[in-house]
Amino acid sequence: MTPAAEHAGPVAANVAPRSGIGRWFVRLYAALHGLAERGWAATAIGTWSFLQSALVPGPVDALLVPLGIADPPKAYRFAWAAVFGAVLGTLVGYTAGALAYDTVGIWVLNLFGVEGEGIDVWRGRFQRQGWWVVFLSTMTPVSAKLVSVAAGAFGMPLWQFLGAMFIGRTIRFLTVAFVVRRFGRSMDGWVQRRYGVSLNELARGERRSR
């Protein structure tokens, strides 16, 4: 059993979300957490990072932070898995924007509220400062799916897109790994004392309640 498994503990079933989307989200998270408990934590984080960048909502930190807290010596390894998963995941959106703009691309942009004049605004941003738009998006709540689709749709060179995404994600996730490795144990203890549950326990509780 890995340190992540030893760190997690039981939790009441009513902690898990009961809405349809909430249950699906936590079940996916729990399945990846199960991989981590079997010694595949880096793979689970990389997979979650790929899916989050390409398809599903939710921050990568939702898996990176609790598993990093559970096994601090591997925090940087987990961060690199998140980096490569995220960069590969954004290629899905970039490809959709570049090759299927009239169908998938425009649908994704509209889904995030980018339509009409907003499309011209985003096109102008990428034409003037595309590298910085992508780089800064990795540090902010701006959706990676929106940015990757827009980058492909508005003709940003692939090498520039990948470079900005890689540098930005590396800075972000290695910073998270540093904080987790340095302060993770005390942070997790504070959360558990205040709220009585951790993300690791939430995942295990959902798996047991299925």
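What to note about this one:
- The phi-based Karplus calculation (6.51 cos²θ - 1.76 cosθ + 1.60; θ = phi - 60°) puts the 3J(HN,Hα) values of the range 90-104 at 5, 5, 5, x, 4, 5, 4, x, 7, 10, 9, 4, 5, 10, 5 Hz, whole numbers, x for Gly and Pro.
- Two-site label geometry, LEU158 and PHE183: point separation in nm, points 7 Å out along Cα→Cβ: 4.0 nm
- Subtracting the Cα-Cα distance of ARG77 and THR175 from 0.36 nm times their residue separation leaves 34.0 nm of extension gain.
- Peptide packing for 141-150, 56-65 was compared via the average number of neighbouring C-beta atoms within 10 Å per residue; ordered from the highest value, the list is 141-150, 56-65.
- 3J(HN,Hα) couplings calculated from phi for the range 166-175 with the Karplus curve 6.51 cos²θ - 1.76 cosθ + 1.60 (θ = phi - 60°) are, in sequence order, 5, 5, x, 5, 4, 4, 5, 6, 5, 5 Hz; Gly and Pro show x.
- Nearest-20 debye value, the range 75-187 charge dipole, Cβ charges on Lys, Arg, Asp, Glu: 760 debye
All of the numbers you see were taken from the coordinates with simple rules; none came from a lab. Everything numeric here is computed off the predicted structure, so don't read it as measured data. Cβ sites come from the backbone with ideal geometry, for glycine too, and all protein chains shown count toward neighbours.
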